[in-house]
Amino acid sequence: MRRKLVVGNWKMHGSLAQNKALIASLIANLRDLKNADFAVCVPHPYLFQAQALLQGTNIAWGGQHVSRFEQGAYTGSVSARMLADFGCTYAIIGHSERRVFMHETNMTAATSFGAALKAGLTPIFCVGETLEEREAGVTEAVVESQLIAILNTLGAQVLSEAVQQRAVLAYEPVWAIGTGKTAAPEQAQAMHAFIRRKIAERDSGVAARVRILYGGSVKPSNASQLFAMPDIDGGLVGRCSLDPNDFKEICRAAC
């Protein structure tokens, strides 16, 4: 039985004062929830604050991006080792907003996935299609190409390494991120099942164990229905992760 995971992606939001109040509320709201895992991925400047406030609680923390390079003359980049220095458990890799606005590719995202594994982090690797791709009927082909990039770039042995570090996948239909639109539970389940089948073609054991999250306007009103689907193992939550009451209800739905 895969344990549910709910991850809050704060994106480019926050301040020292806002974060302190939000984290205090999250700690109070989630401390009694024992049957799922919880995390927040914060902007990199606030990792020290997150580590200081969250260590010893049942909420893990992580970064929102990892450079594919270990070190060097890459101004503005953050390496996986740097995230590990701040006690991060998770790192979001290949989020659609970075693919669109920062021009990340399948190859660069896959390389970052490998860098996260090498540093001992648990990568949350994002896949998903645009509205145009869904309407064109190529959703499965797009998602498969994003998954296959990991194997093509890093080799088949990455599957066993990923399982050892409990790597996570996140299906995020781009048309549902931050729009208020959500894939129907049955739509989301169909894609999660497809992802698991594609992994099973390479390794059925990995497919059975890997956690696949849904991301795309997850909110209290739809979390229970989404998380009840057999192949949906939790959520990658954007906007509602900034509201402690909304996030609490989403986390409660996972328990």
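Points to keep in mind about this one:
- Look at (1) on the phi > 0 side of the Ramachandran plot; (2) more than 19 Å from the chain's Cα centre (by Cα); (3) touching a residue at least 24 places away in the same chain (Cβ under 8 Å) and you find that Gly155 fails only one, number (3).
- Test set (1) open to solvent by 40 Å² or more (accessible area, probe 1.4 Å); (2) of a type outside the set (Gly, Ala, Ser); (3) outside any helix (DSSP H, G or I) - Pro123 fails condition number: (1)
- Selection within the stretch 68-98 - closer than 24 Å to Val174 by Cβ and assigned to a helix (DSSP H, G or I): Ser96, Glu97, Arg98
- Residue selected from the stretch 211-234 under the condition touching a Pro at 6+ places or on another chain (Cβ under 6 Å) and crowded, with 24+ Cβ neighbours inside 10 Å, by the criterion farthest from Ala253 (Cα to Cα): Gly216
- Count of the stretch 99-120 residues which are closer than 24 Å to Val6 by Cβ, open to solvent by 20 Å² or more (accessible area, probe 1.4 Å) and part of a helix (DSSP H, G or I): 1
Yes/no matrix, rows are residues, columns are (1) surrounded by fewer than 16 Cβ atoms within 10 Å (Cβ to Cβ); (2) in contact with a strand residue (DSSP E or B) (Cβ under 8 Å, 6 or more places away or on another chain):
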residue: Ile150; (1), (2): no, yes
residue: Leu154; (1), (2): no, no
residue: Gln157; (1), (2): yes, no
residue: Leu236; (1), (2): no, yes
residue: Arg239; (1), (2): no, no
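- Looking across the stretch 163-176 at every residue that is crowded, with 21+ Cβ neighbours inside 10 Å and among the β-branched types (Val, Ile, Thr), the one that is nearest to the chain's Cα centre (by Cα) is identified as Val168.
- Residues being more than 22 Å from Ser96 (Cβ to Cβ) and open to solvent by less than 60 Å² (accessible area, probe 1.4 Å) - total across the stretch 38-54: 8
Rundown of residues vs (1) touching a helix residue (DSSP H, G or I) at 6+ places or on another chain (Cβ under 8 Å); (2) open to solvent by 40 Å² or more (accessible area, probe 1.4 Å); (3) under 20 Å from Ile150 (Cα atoms); (4) among the β-branched types (Val, Ile, Thr), yes/no style:
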position: Gly56; (1), (2), (3), (4): no, yes, no, no
position: Trp61; (1), (2), (3), (4): yes, no, no, no
position: Val66; (1), (2), (3), (4): yes, no, yes, yes
position: Glu70; (1), (2), (3), (4): yes, yes, yes, no
position: Tyr74; (1), (2), (3), (4): no, yes, no, no
position: Leu83; (1), (2), (3), (4): yes, no, no, no
position: Tyr90; (1), (2), (3), (4): no, no, yes, no
position: His95; (1), (2), (3), (4): no, no, yes, no
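- No other residue among Ala208, Ala254 is hydrophobic (A, V, I, L, M, F, W, C), surrounded by 15 or more Cβ atoms within 10 Å (Cβ to Cβ) and over 22 Å from Thr130 (Cβ atoms) apart from Ala254.
- Every listed requirement among (1) under 17 Å from Thr122 (Cβ atoms); (2) outside any loop (DSSP other than H, G, I, E, B); (3) in contact with a helix residue (DSSP H, G or I) (Cβ under 7 Å, 6 or more places away or on another chain) is met by Gln51 save one, (3).
- Considering residues of the stretch 1-30 that are without any contact (Cβ under 8 Å) to a residue 12 or more places away in the chain and not in a helix (DSSP H, G or I) only, the residue least open to solvent (accessible area, probe 1.4 Å): Ser15
The values are calculated or read from the model by the stated rules, or taken from the named source; none is laboratory data. Just so you know, these numbers come straight off a predicted model, no measurement behind them. Note that we place each Cβ from the backbone using ideal geometry, even for glycine, and neighbour counts take in every protein chain shown. For accessibility, only protein heavy atoms count, side chains too; no ligands or nucleic acids. Shrake-Rupley method; radii C 1.70, N 1.55, O 1.52, S 1.80 Å.
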